[in-house]
Structures are given as C-alpha cells and as structure tokens.
Amino acid sequence: MAARPAPKRLARKLLQIRIGLGLSQAELVKELNYKGSPLYASQISQYEQGNREPPLMLLLAYARLAGVSTDVLIDDKLTLPDT
C-alpha cells in the first residue's frame, strides 16, 4: 500500500488561521471546541510546524473557525482568503 501524499502547505495554513484570528495556541484550543480527544497547545504547535497532521475532524473544526472549506486547507493549489 502506497503512502498518501501529505499536504505540503497545511502547517502554514493552520498557522495563518491562528495568527489571522489573533489567537494564542491556548486560545485556539478553546475556540476550536474540539471534542474528539483532549487538545493541547503543544499539539497545535506540532501541527503548525508540520511535525504532526491533525485528525480529519480537527481539520473540519479549523475550517469552520476560518470560514473556509476543508478543501482549502488540504489542497496545496488553493490559498486561504485574506483575513
């Protein structure tokens, strides 16, 4: 089974969302209101650095918070709208 390609710009987009909203990592955790599992600022850091890939439902929470579709987050050809 071949490994699926990871989005190359995802980490940058997640960071852009947080910075655009003017939130710290801890504040973002609260705003995402993610119920899938406990979420910590240290995990946000890992996602923003590209060291870990967030679960699908967390990507959905990011997309909703940013007012974009998940396609915008995971498709490297698409860019986030200016905030």
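The values are calculated or read from the model by the stated rules, or taken from the named source; none is laboratory data. What you see is a predicted model, and the numbers here were worked out from it, not measured in a lab. Neighbour counts are summed over all protein chains in view; Cβ atoms, including those assigned to glycine, are modelled from backbone coordinates with ideal geometry. Ligands, DNA and RNA are stripped out before the accessible areas are found, and what is left, the full protein with its side chains, is counted by its heavy atoms. Shrake-Rupley method; radii C 1.70, N 1.55, O 1.52, S 1.80 Å.
Please indicate, with yes or no, whether at least one residue in segment 18-29 is out of contact with any helix residue (DSSP H, G or I) (no Cβ under 9 Å at 6 or more places or on another chain) and at pLDDT below 95. No; the residues of segment 18-29 include none that is out of contact with any helix residue (DSSP H, G or I) (no Cβ under 9 Å at 6 or more places or on another chain) and at pLDDT below 95. Identify the residue in segment 68-83 that is open to solvent by 50 Å² or more (accessible area, probe 1.4 Å) and among the hydroxyl-bearing types (Ser, Thr, Tyr) and, among all such residues, is farthest from the chain's Cα centre (by Cα). That would be 83. Of the residues 10, 21, 28, 14, the single one that is in contact with an Asp or Glu (Cβ under 6 Å, 6 or more places away or on another chain) and closer than 11 Å to residue 62 by Cβ is 14.
One residue is enough: does segment 49-67 have a residue meeting the conditions among the polar types (S, T, N, Q) and open to solvent by less than 80 Å² (accessible area, probe 1.4 Å)? Scanning segment 49-67, I find no residue that is among the polar types (S, T, N, Q) and open to solvent by less than 80 Å² (accessible area, probe 1.4 Å), so the answer is no. Just to check your reading of the model, which residue among 15, 32 is open to solvent by less than 30 Å² (accessible area, probe 1.4 Å) and at pLDDT 95 or above? Only one candidate qualifies: 32.
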